[in-house]
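What follows is a single structure, written as structure tokens, with notes after it.
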Amino acid sequence: MLGIARQKMLVLSSKKIRPAVSVLRNYSSAAKEMTVRTALNSALDEEMSADSKVFLMGEEITKGLLDKYGPERVLDTPITEAGFTGIAVGAAYYGLKPVVEFMTFNFSMQAIDHIINSAAKSNYMSAGQISVPIVFRGPNGAAAGVGAQHSQCYAAWYAACPGLKVLTPYNSEDARGLLKAAIRDPDPVVFLENELLYGESFPISDEVLDSSFCLPIGKAKIERKGKHVTIAAYSKMVGYSLKAAEILEKDGIDAEVINLRSIRPLDRTTINDSVRKTNRLVTVEEAFPQHGVGAEICACVVEESFAYLDAPVERIAGADVPMPYAANLERMAVPQVEDIVRAAKRACYRSVP
């Protein structure tokens, strides 16, 4: 069955392949800003155009691609995560490159057996004979007023599993470059987006708009250089950290902000190099504090750079409760800019109101 489907897919897709340059014409003459949603869409479009093995499957498939590539390569499925994820993993075994979209990563729990046991472990268990080139993507973490069942961050969950790569884009450059890298990677990648960032516009360069642009997996980016305190964050919290750095600057605190981009593998070198320069560390994440990404970063710094620390490490995380539905309680459960400012001031031994 998969063989027949694959033959049909390759025949049809070969007729629909368009040069990647055609996608760029939509953006090269426009203003040098792009929304995260458009960045993701353009990355999918270009990779599907460049490689006939790439196809999309899942819920709420990205706009415009069905019309362009047809139902053989863009499959808008029923809400059956276990079913369509299992089919996609089987297709990856066969050599295709599925991109599986979840309506929200909370629903990936329905398919976690396929993601962990079927995708993540197969290369190791087959002694390298089976590669699983698949991307699991969709919104992750808190949205707004959608309750506990739709608001959890799964970065630490998936990052704990050998065999998976876990990416967390912040801006449009991250979205384009990391999604392209994920699709081209021979291993399963969990791609955690933030729903509240989809409509945000970010500056973007001609280099990023080039169809060959791709970001390395496992490399963090220093979004803002500083010398007094390191702030390490991912996804939406990078933006909060940059706003906090602007506030701290008014008080004479020069904060360095690291956009982690990749949770697994984690760029320990960039983190430790920064801490050895600033001698202080604040970690920021939306997720639960216990066994979180921040805890892993703290352990990494204590193991490799403990002698450089001039203050205790500060961890900012979501409240250790399921996400409340009420707006006022929801705000209290998610880190805010002022929380980061206070933590950085504590690390710098400044008075905190």
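Annotation note: of Gly58, Gly3, the sole residue that is over 20 Å from Pro188 (Cα atoms) and either surrounded by fewer than 16 Cβ atoms within 10 Å (Cβ to Cβ) or at pLDDT below 95 (or both) is Gly3.
Check whether at least one residue in the stretch 311-321 is open to solvent by 80 Å² or more (accessible area, probe 1.4 Å) and either farther than 21 Å from Arg261 by Cβ or of a type in the set (A, V, I, L, M) (or both), and report yes or no. Among the residues of the stretch 311-321, at least one is open to solvent by 80 Å² or more (accessible area, probe 1.4 Å) and either farther than 21 Å from Arg261 by Cβ or of a type in the set (A, V, I, L, M) (or both), which makes the answer yes.
Of all the criteria given as (1) open to solvent by less than 20 Å² (accessible area, probe 1.4 Å); (2) touching a helix residue (DSSP H, G or I) at 6+ places or on another chain (Cβ under 8 Å), the one not satisfied by His291 is (1). Just wondering, is there one or more residues in the stretch 165-187 that are open to solvent by 10 Å² or more (accessible area, probe 1.4 Å), out of contact with any Cys (no Cβ under 7 Å at 6 or more places or on another chain) and without any contact (Cβ under 8 Å) to a residue 40 or more places away in the chain? No. The strands (runs of 3 or more DSSP E) located wholly in the stretch 188-232 that include 3 or more residues which are open to solvent by less than 50 Å² (accessible area, probe 1.4 Å) occupy 189-193. Looking at Gly83, Gly90 in this structure, which one is more than 22 Å from Lys180 (Cα to Cα) and more than 20 Å from the chain's Cα centre (by Cα)? Checking each option against the conditions leaves just Gly83. Looking only at the stretch 306-323, decide whether some residue is under 21 Å from Leu196 (Cβ atoms) and in contact with a strand residue (DSSP E or B) (Cβ under 7 Å, 6 or more places away or on another chain). Yes, the stretch 306-323 contains at least one residue that is under 21 Å from Leu196 (Cβ atoms) and in contact with a strand residue (DSSP E or B) (Cβ under 7 Å, 6 or more places away or on another chain).
I'm trying to understand the selection: among the residues of the stretch 160-176, which are assigned to a helix (DSSP H, G or I) and over 16 Å from Pro265 (Cα atoms)? Residues satisfying the conditions are Ser172, Glu173, Ala175, Arg176. Determine whether Ala92 is farther than 22 Å from His150 by Cα, out of contact with any helix residue (DSSP H, G or I) (no Cβ under 6 Å at 6 or more places or on another chain) and in a helix (DSSP H, G or I). Here the answer is yes, as Ala92 does meet what is asked.
All told, Ala156 meets the bar of being in a helix (DSSP H, G or I) and open to solvent by 10 Å² or more (accessible area, probe 1.4 Å).
Among residues that are open to solvent by 30 Å² or more (accessible area, probe 1.4 Å), among the aliphatic types (A, V, I, L, M), at pLDDT 95 or above and over 21 Å from Val189 (Cα atoms), Ala299 is included. Output yes when any residue across the stretch 149-162 is of a type in the set (S, T, N, Q) and at pLDDT 95 or above, and no when none is. No, the stretch 149-162 has no match at all.
Taken together, the residues in the stretch 94-144 that are open to solvent by 50 Å² or more (accessible area, probe 1.4 Å), farther than 23 Å from Arg73 by Cβ, touching a residue at least 60 places away in the same chain (Cβ under 8 Å) and not aliphatic (A, V, I, L, M) amount to 1.
The values are calculated or read from the model by the stated rules, or taken from the named source; none is laboratory data. Keep in mind the model is a prediction, meaning the values are calculated, not measured. For neighbour counting, all protein chains shown are included, and Cβ atoms are generated from backbone atoms with ideal geometry for every residue, glycine included. Accessible surface is based on the protein model in full, side chains and every heavy atom, while ligands, DNA and RNA are left aside. Shrake-Rupley method; radii C 1.70, N 1.55, O 1.52, S 1.80 Å.
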